[in-house]
Every structure is written in structure tokens, then in C-alpha cells.
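Data block below; observations after.
The values are calculated or read from the model by the stated rules, or taken from the named source; none is laboratory data. Note that the structure is predicted; figures quoted are calculated from it, not measured. Cβ coordinates were reconstructed from backbone atoms using ideal geometry, including for glycine residues, and neighbour counts include every protein chain displayed. Heavy atoms of the whole protein, side chains included, go into the accessibility calculation; ligands, DNA and RNA do not. Shrake-Rupley method; radii C 1.70, N 1.55, O 1.52, S 1.80 Å.
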Protein chains: 2
Amino acid sequence: MKTISENRAFGGVQGVYSHSSTACSCEMTFGLYLPEQTEVGPVPILWFLSGLTCTHENAMVKAGAQRWAAEMGIAVVFPDTSPRGEGVANDPAFDLGQGAGFYVNATQEPWAPHFRMWDYVTDELPRLLFNAFPVAEAAQSITGHSMGGHGALTIAMSFPGRFSSVSAFAPICNPAASAWGRPQFSAYLGPDEAGWAAHDATLLMRKRGFDGPMLVDQGTADQFLDKLCPEALAEAMAARRQGGAFRMQKGYDHSYFFVASFMEEHVAFHAGALHA
Amino acid sequence: MKTISENRAFGGVQGVYSHSSTACSCEMTFGLYLPEQTEVGPVPILWFLSGLTCTHENAMVKAGAQRWAAEMGIAVVFPDTSPRGEGVANDPAFDLGQGAGFYVNATQEPWAPHFRMWDYVTDELPRLLFNAFPVAEAAQSITGHSMGGHGALTIAMSFPGRFSSVSAFAPICNPAASAWGRPQFSAYLGPDEAGWAAHDATLLMRKRGFDGPMLVDQGTADQFLDKLCPEALAEAMAARRQGGAFRMQKGYDHSYFFVASFMEEHVAFHAGALHA
């Protein structure tokens, strides 16, 4: 593992590290914020999965999570959103290929050799973190924005018992029925839609739900509402009697200004579950 | 004036606007955060002047000021750091020309026709803001980072009575004696160093000081300490018995992680003066 940078922030350290990934067969970079409470011992960790076009860096510099993570004694990890590099397949579209991994293991060419973000985020990166940093495997929560909200919700529901809480900012709620989902799942997973269901938060909610508290925020002025399909997940949460809140936030759009505006509440929500 | 973007943020609006500048003879862009308290009436305003290489955008998305401005009912304006455009002189160096206006009125060629950031920030932009937005001319404070800290300190000391308080993050404290200052003042203002003194915070502190509270934060791990010369301003503040604090922050560097870490305290510091 290589240290790209370490900056003191809010009494802790905002680090950026890279490592050779087995899952993605390329060098992968991630951000990790460690609050000063790590000087005493391992702390809980919040996963923040980012959206289309983002690297590890966007949320790390724009979402304002560190202030609250520092106060509440929680680490935050910011993984990249896809494999990258010259030898890695790509597409001219911003919503396919590099920067758009959709948190799945691709089975189709040309994506299969590198696009294994599911394995990377649920297996390889956790093992690396718990071996190398003072973060507590027994105290994990997960959140994300847009495509990363999709990732957070689907991963949380797929590993019962692993995450104390889940939240999302403007998640892609129903990718199997959306222009943000159908083209990508076709490309990465192939035409058999049965295989898509494991990666659709609404379908997973209908089938099994999440075994902990859940919080979703969605701006009413979001320019991508037609692709995010919040109504599908809101209906599924209510129908399952899923404990949690689906909040429509008046006037907010899809930007990091929206994410930053509600970050304090999301970190506090997770802290409540993690420190319980 | 053109509206480039408006995003809801922390209950208020983060706007970006551009206008044809008379001072700089080009189109200029600025960011302006208005908290929701503007619905009731004009609010105090905090000027945030940015550093080398920055546009209006860097601090607006990375410094985390909006959260505290919203809570404390203060607007924040983020001017650009220089004139820009194809017809505007430039230099290959990152610390001269576009992105490096140093908040002076250039008198030398090729800079004189456009590089009039002193007039822009102290005269043209204030008039535009107080005419077009619900911000109170009688309640202004000023801060900035690096080159912008230099701008904030020199402007605050040059307009007694205008600013209720001044602060700075890692300011260029003594540009007339620094590699961040001497080459630029030579280029913009010419070889006569007598003309530089009006743009050097340490020299201004020795001569007149600031007629209000003052706060300076400087990281001890800043990679540019040799160019910032904090010891010169700290000595001058103490020698003048200037009311205020010069704080060395252990382990922090020159990045926006440093700025963001202390933004809450700076906004609270200004709010105390502005709402007094």
C-alpha cells in the first residue's frame, strides 16, 4: 500500500492511499479519514460510496463529513467508483466504464476482467482496512450518493448483520427500471434481468429489507429525479414496514451542496447506531 | 449580471454570478452564499478572498463555510483571484498572472489594463453586491487564505471603519520580503519598493494596525512557511499591541483541510463582531 497524501483535518488525518487490487486487477486509490480518537483505539467506520464520474476525492473534499466524523469519533472511507488505468476498458459515456462501476461484478466483455467493484468494496477493501488501520470491523455503517447510494443500499441489504445502519443521498433507487441502470446492467451483467435483482435497492427491499435503521434524503429539485425513481423505494420501504425515514427535501438538487447540507444528520444517525 | 448557477445549501442558496467588470475590463465571476435569514431582511456579509491558482469556486466547495454562515445568519462572498480571459495577460508561472492577482492595481505592462483586483474587491464588487442582494453594507467582515489572507489583512487595515473584524488562514504575511510577493510586486507595481508597503500586512501592522478584532491561524506543518513569514506578522501584532490572536496550529498544512478545520471558529469570530 502506498501513501499518496496525509493532511491533518479536524484533529485527525485525511489520508489517501493506493494499493494493487486483486479484485479489480489494477491499482486502486481510496481516501480514509481517521479521527483523533484512533489514538486511543479502533473506532467505528462509515463507508461513503460515491456517484457517477466521481473518484475517491470528490466526497472527500466536498461533502464535509470529516467535521462530524471527528466530533463523533468515526472513521470514513471513500472508495473510488471503478477500476481505472490505460489497460482498463472504458466508454465515452460518463455513465458507463471508468467512473461508473455501479458496485457490481461484471460478467460480460470487455468489462469482466476489471469491473468487480462488488468484490472490491465488500471484501478486498474491508480486509485491507481492518488489517492496516485502527478501525473496528464490528462497527460498520454505510452511506453513499446517487450511484453510491444505490451501492450502499444494495450492499447493506445483502450482508445482514454487517452494517449497523444504512443511509443514502439521492440514491438510484430502482436501476433495473431506470436509464441509470438498465444500460449499465445490460453491459456489465448481460441481458438476463434475473441477475439484476440482487443489485436493485427497490427489489431487495421488497424481498428482504434491511435489519437496522435506514435514512434516505432526496431533493425535490433534483435534476435527475426521473432516473432516481425515489417513489419506487419509498413505496417498497413503507410496504415492507422497514424501520427508517425517506425524506423529500424541498428545493435541494443533486449536487454536493445537497449532500453537505444533510451530512451532519447522516453522520449523527450512523453514530447513534454505531455507538449503541 | 448573469446567474451561472444557484444551489440550495443549508437552507439558503449558493449562487454563482458573472458580470462585466469595469475595474478589470473583463467578465468576472463570483460566488455568493445567502442564508435563509435574507428572507427577513439584509444580513451581514463575510468576504472570503482565495489564494494562488484558485477561482471563485475552490473555497466555495471545499472550505465548508456555508454550514456556519447559515447557522449564524451571514452571507459569504467568494470573489475570483484575478481577471481572466483570452485577452488578459498571463504568465506560465502559477504565481503570476491569471489566478494570482495579489489584490493590487497593477501599474506596469502588460498587467495594467486588467489586473486591478484592489479596485475590484474594494469598490466595484461591493457596490454591485449592495445594490443587487440583501446584504448589509454596514456589517462587513473579511477573511482569506494564503494570497487571499494577504488581501484580507491589507484591505482591512486600509479601510478603517469598514470591516467589523478581520481574519486569515495561512496568509502571506510579508510579501515585500518574500518569494511570494517580491517577484509579483515587481511585475505588477514596478521596482520602487516604496509603493509596495501599502500591500504588505506586516508593514501595515507596524504603521497603523487594524481597528477591530483580528484572528490569524497558521499550520505548523505548512509546506510554504518560508514564503508566508508568519513570524513577521506575529511580531508586528504583538509590538503594536494589536487586539487579536495569532495561532500556530500543530500539524496542519496549507490545504483546504486546514481551512475547513478552523472555519467554524472563524465564522463564529466574525459573527460575534458583526452581530455585536
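Buried area at the B:A interface is about 1800 square angstrom, summed over both chains, from accessible surfaces computed with a 1.4 angstrom probe.
Cβ under 13 Å from A:Thr202's Cβ, A:Thr202 left aside: what net charge do those residues give with Lys, Arg +1 and Asp, Glu -1? If you can, show how the numbers build up before the last one.
On the way: positive: A:Arg206, A:Lys207, A:Arg208, A:Arg240; negative: A:Asp200, A:Glu231, A:Glu235.
Around A:Thr202, the surrounding residues sum to +1.
Convex hull of alpha carbon positions in region B:41-187: directionally averaged projected area 8.9 nm².
Counting only protein chains, not ligands or nucleic acids, how are B:Trp118, A:Trp68 ordered by accessible area (probe 1.4 Å), most first? Walk me through the intermediate numbers first.
Numbers: B:Trp118 35, A:Trp68 15 Å².
My answer, sorted largest first, is B:Trp118, A:Trp68.
Backbone amide hydrogens, once placed in the peptide plane, bring A:Gly51 within less than 5 Å of A:His145, A:Gly148, excluding anything fewer than 5 places away on its chain.
Chain A residue nearest the axis that carries A onto B, by Cβ, with distance in whole Å, is A:Gly64, 3.
In order along region B:26-37, phi translates into HN-Hα couplings of 6, 6, 10, 10, 9, x, 9, 9, 10, x, 5, 4 Hz, rounded to whole numbers, per the Karplus curve 6.51 cos²θ - 1.76 cosθ + 1.60 with θ = phi - 60° and x for Gly and Pro.
Solvent-accessible surface (1.4 Å probe) assigned to B:Met237 amounts to roughly 10 Å².
Can you give the local net charge around A:Ala271? Use residues other than it whose beta-carbon is closer than 11 angstrom to its beta-carbon, Lys and Arg +1, Asp and Glu -1. Please list the in-between numbers first.
Numbers: positive: none; negative: A:Glu71, A:Glu264, A:Glu265.
Summing Lys/Arg as +1 and Asp/Glu as -1 gives -3.
Ranked by accessible surface with a 1.4 Å probe, highest first, in what order do A:Arg208, A:Arg247 come?
Largest to smallest exposure gives the sequence A:Arg208, A:Arg247.
Springs join every pair of Cα atoms under 10 Å in this Gaussian network model of chain A, and among A:Thr122, A:Thr55, A:Thr154 the largest mean-square fluctuation is at A:Thr122. Comparing the full protein assembly with the isolated chain (1.4 Å probe, heavy atoms, ligands and nucleic acids excluded), the residues of region B:39-88 losing at least 10 square angstrom of accessible area are B:Met60, B:Val61, B:Lys62, B:Arg67, B:Trp68.
Counting Cβ atoms of other protein chains within 10 Å of each residue's Cβ and taking the mean over peptide B:5-18 gives 4.
Counting from the shortest, the label point at A:Ala245, 7 Å from Cα toward Cβ, is 3.3 nm from the same position in each remaining copy. When B:Lys207 is represented by a point 7 angstrom out along its Cα-to-C-beta vector, the spacings to that point in the other copies are 7.4 nm, nearest first. For B:Asp226, the distances from its label point to the matching points in the remaining copies are 5.8 nm, ordered from shortest, with each point set 7 Å beyond Cα toward Cβ.
Look at the stretch A:196-204: the mean tally of other chain Cβ atoms within 10 Å of its residues' Cβ atoms is 0. Just how far, in whole angstrom, is region A:102-178 from region B:1-42 if you go by their alpha carbon centroids? Taking the Cα centre of each part, region B:1-42 and region A:102-178 sit 37 Å apart. Determine the sum of side-chain charges near A:Trp68: Lys and Arg each +1, Asp and Glu each -1, restricted to other residues whose C-beta is under 12 angstrom from that of A:Trp68. Within the 12 Å Cβ shell, the charges total -2. The heavy atoms of A:Ile172 offer some 0 square angstrom of accessible surface to a 1.4 angstrom probe.
Considering only protein heavy atoms, with the full assembly of protein chains and a 1.4 angstrom probe, order B:Lys250, B:Lys227 by accessible area, largest first.
On the way: B:Lys250 165, B:Lys227 55 Å².
Highest to lowest solvent-accessible surface, that is B:Lys250, B:Lys227.
Close Lys pairs in the protein assembly as shown (alpha-carbon distance under 25 Å; sequence gap of 8 or more, or different chains): 17.
Shape descriptor for chain B: Rg over Rh equals 0.94 (Cα atoms; Rh from the Kirkwood inverse mean 1/r). With a 10 Å cut-off around each Cβ of A:251-261, the average count of Cβ atoms from other chains is 5. The loop-placed GluC sites (Glu not before Pro) in region A:14-106, going by DSSP, that have at most 16 neighbouring Cβ atoms within 10 Å of their Cβ come out as A:Glu86.
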